[in-house]
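The values are calculated or read from the model by the stated rules, or taken from the named source; none is laboratory data. Since the model is a prediction, treat every value here as computed from it, not as a measurement. Reconstructed Cβ throughout: ideal geometry from the backbone, glycine too, with neighbour counts over all protein chains shown.
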Amino acid sequence: MTANLRARVVTSLDRIPAAQWNALALDGNPFVRHEFLLTLERTGCVGPATGWRSNHLVIEDQHRLVAALPLYRKSHSWGEFVFDWSWARAYDQAGLRYYPKLVSMPPFTPATGPRLLLAPDASPELKSRLSQELVALAKAEHLSSAHLLFLTDEDRAALDSEGSEPGFLWRKDCQFHWYNRGYQSFDDFIATFRADKRKKALRERRRVREGGVTFRTLTGADMDARLWDIVFGFSAATFESHGHEHYLNVQFFRTISEVMPDTVVIKLAEYQGHPIATAIFFRGEQALYGRYWGAAANYHSLHFETCYYQGIEYCIEQGLHHFEPGTQGEHKVPRGFEPTATWSAHWIADPRFRRAIDQYLNDERAAIDQYILQVEQHVPFHRNRDGSEVHHAEPESR
């Protein structure tokens, strides 16, 4: 490190050159790219009125960006998917303010990815410096807490390393991910299923095909305003059916398909040439991420086909390593998705609440571990006599 390093907060990514931000080690993740985060700002999905106020933490060496932490000042807990509503209620009952708080994650994006971003030639110690600056900012602003959500193993290790800001509490949760073990085709993948599970999955796919539904795979470059109106309309209707407004807007999708066209993947289901359903995905260098789904009507098994089987086929065709279809959903397990631990780190200012939350998280982690063990008994793959899974294809080297 040099004496020229300076940390500061930027309230909009338009104040940081895109080339400098994207030169950081982003691990091929589309959601921490400059274009993605700035598009959220420019289309009004992020800003003071939404409760997501940009407070990105950056470290510069003589005006050259060497480290960054995507960061937001939050006035609520919506759109995070690491639920701390009970913590907020406890603060309120004690006559304390839980909000605002600091949150590091791409807004509305419950996908594991890098948070402690470094230039390729930067010292790894700068990750510790970022954690120290984060806590210092929370203290200076008299905020209740700071949270880093959906962390990679590398960032977890950095936060646990010597020199990092002490005091982070660890929270464990479970999602269901699909892993590419070198499959050459969907048939190759489905052959790893036990007979009863394979029959059910193939029957679901056959029902959609026999119903006359066909699929088109589109990228951002293939999308125009008319198509986005249709696709976004399907997705917005799904939110509305659950009593919520969409986190994003159609202008976001139109813009992101222009500035990041190769990362946007649309599976468009059609019947007799007319769109009837869609799944919106984003792709990184090694992963596919399921984001939003919607349909014009209820078709048997269409959700499973559009959101899961089509995504798996895409990953196999493209050679992607894994597929994160979104949060929750045990119904993904019989379709080949496996329980996968996700992690977040939490710094709590008040020592009394810190102790109480620490005990809660200890108990919760034990429950999550037990849950994962239970779910693993229901994955559809063949098993050896000792109960271990059998996969006929070998993992690709990465």
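Please work out which residue is farthest from GLY113 (Cα to Cα), limiting yourself to region 27-54 and to residues that are small (Gly, Ala, Ser) and without any contact (Cβ under 8 Å) to a residue 24 or more places away in the chain. The qualifying residue farthest from GLY113 (Cα to Cα) is ALA49. Residue count for region 221-232 satisfying the condition of being surrounded by fewer than 19 Cβ atoms within 10 Å (Cβ to Cβ) and part of a loop (DSSP other than H, G, I, E, B): 1. Here ALA191, ALA201 are screened, and the one residue that is crowded, with 21+ Cβ neighbours inside 10 Å, hydrophobic (A, V, I, L, M, F, W, C) and touching a residue at least 60 places away in the same chain (Cβ under 8 Å) is ALA201.
Assess whether THR255 counts as being surrounded by fewer than 21 Cβ atoms within 10 Å (Cβ to Cβ) and hydroxyl-bearing (Ser, Thr, Tyr). Criteria met by THR255. Looking across ALA277, ALA236, ALA221, one residue alone is within 19 Å of VAL208 (Cα to Cα), out of contact with any Gly (no Cβ under 6 Å at 6 or more places or on another chain) and of a type in the set (A, V, I, L, M). It is ALA277. Of all residues in region 233-266, those satisfying the criterion of being part of a helix (DSSP H, G or I), in contact with a Phe, Trp or Tyr (Cβ under 6 Å, 6 or more places away or on another chain) and among the hydrophobic types (A, V, I, L, M, F, W, C) are VAL250, PHE253. Scanning region 134-168 for residues being closer than 30 Å to LEU96 by Cα, out of contact with any Ser or Thr (no Cβ under 8 Å at 6 or more places or on another chain) and surrounded by fewer than 22 Cβ atoms within 10 Å (Cβ to Cβ) gives a total of 13. The set of residues in region 39-54 that are in contact with a Leu (Cβ under 7 Å, 6 or more places away or on another chain) and surrounded by fewer than 21 Cβ atoms within 10 Å (Cβ to Cβ) comprises GLU41, CYS45. Here ASP363 clears all of (1) among the charged types (D, E, K, R); (2) modelled with pLDDT of 95 or more; (3) not in a helix (DSSP H, G or I) except the condition numbered (3). Screening LEU57, LEU24, LEU65, LEU71 for residues that are out of contact with any Pro (no Cβ under 9 Å at 6 or more places or on another chain) and either within 27 Å of ASP262 (Cα to Cα) or in contact (Cβ under 8 Å) with a residue 60 or more places away in the chain (or both) leaves exactly one candidate, LEU71.
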